[in-house]
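Reviewing the structure listed below.
The values are calculated or read from the model by the stated rules, or taken from the named source; none is laboratory data. All values reported here derive from a predicted model rather than from experimental measurement. Cβ atoms come from the backbone with ideal geometry, glycine included; neighbour counts cover every protein chain shown.
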Amino acid sequence: MNAEMITMKSELYRQAQQAANELADVAGLKSGDIMVIGCSSSEVAGGVIGHNSSLEAAAEVSGGIYDALSARGIYLAAQCCEHLNRAIVVEREAAPNAETVWVVPQPKAGGSFATTAYRTFKDPVMLEEIKADAGMDIGGTLIGMHLKRVAVPVRLSLDHIGNAILLAARTRPKYIGGERAKYE
């Protein structure tokens, strides 16, 4: 592996870790919360989503996010690509009572990011859906269906990880009631 490749990989890890830490801070996430990540390794590596999958890029991004979240006790939920209907890879303990589905993500059916998560999690399970407390969309993967009901956009100091556009969101409870209702 050449020096340029090592530097690029280290930079992807750093960017992913920084973004995960920033979002966790802004969203006020605490131990036991869940952050969903959709990541196009193709876009991160400078390719086109769905066409240039990169296990190497996925490993760097996943590693940076996983390390940041694990240190805080926050669970990573990795979203698969559309070929698996955007199913979710998560540690079993993050959703102990959830109904699981039977599929194993692969780079071309689930995506390299989800494949990496499945291979590195201690006890991975697959879910059709989850309601996460915050999330990052890296490269246009459309994570909205896996966030709690009211998603609030968050602007991070980074707007890209590698070559992929980075969008982030936190969630909040729904406001209910009328003119007499009070909110903190």
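Given the condition out of contact with any Phe, Trp or Tyr (no Cβ under 8 Å at 6 or more places or on another chain), charged (D, E, K, R) and either part of a loop (DSSP other than H, G, I, E, B) or without any contact (Cβ under 8 Å) to a residue 40 or more places away in the chain (or both), answer yes or no: does some residue in the range 38-45 qualify? Scanning the range 38-45 turns up no residue that is out of contact with any Phe, Trp or Tyr (no Cβ under 8 Å at 6 or more places or on another chain), charged (D, E, K, R) and either part of a loop (DSSP other than H, G, I, E, B) or without any contact (Cβ under 8 Å) to a residue 40 or more places away in the chain (or both). On the basis of being under 12 Å from ILE138 (Cβ atoms) and more than 15 Å from the chain's Cα centre (by Cα), does ILE49 make the cut? For ILE49, the condition - under 12 Å from ILE138 (Cβ atoms) and more than 15 Å from the chain's Cα centre (by Cα) - is met. Considering the range 43-59 alone, what residues qualify as being among the acidic types (Asp, Glu) and under 11 Å from SER112 (Cα atoms)? Result: GLU56, single match. Screening LEU156 with (1) of a type outside the set (S, T, N, Q); (2) over 13 Å from the mean Cα position of the chain (by Cα); (3) surrounded by fewer than 16 Cβ atoms within 10 Å (Cβ to Cβ) gives one miss only, at (3). Restricting ALA57, ALA77 to residues that are of a type in the set (A, V, I, L, M), more than 22 Å from VAL125 (Cβ to Cβ) and buried (at least 21 other Cβ atoms within 10 Å of the Cβ) narrows the list to ALA57. Checked against (1) crowded, with 18+ Cβ neighbours inside 10 Å; (2) modelled with pLDDT of 95 or more; (3) farther than 16 Å from ALA59 by Cα; (4) of a type outside the set (Ser, Thr, Tyr), VAL101 passes all but condition (1).
The selection criterion, being crowded, with 24+ Cβ neighbours inside 10 Å, at negative phi, of a type outside the set (S, T, N, Q) and not in a loop (DSSP other than H, G, I, E, B), holds for ALA16.
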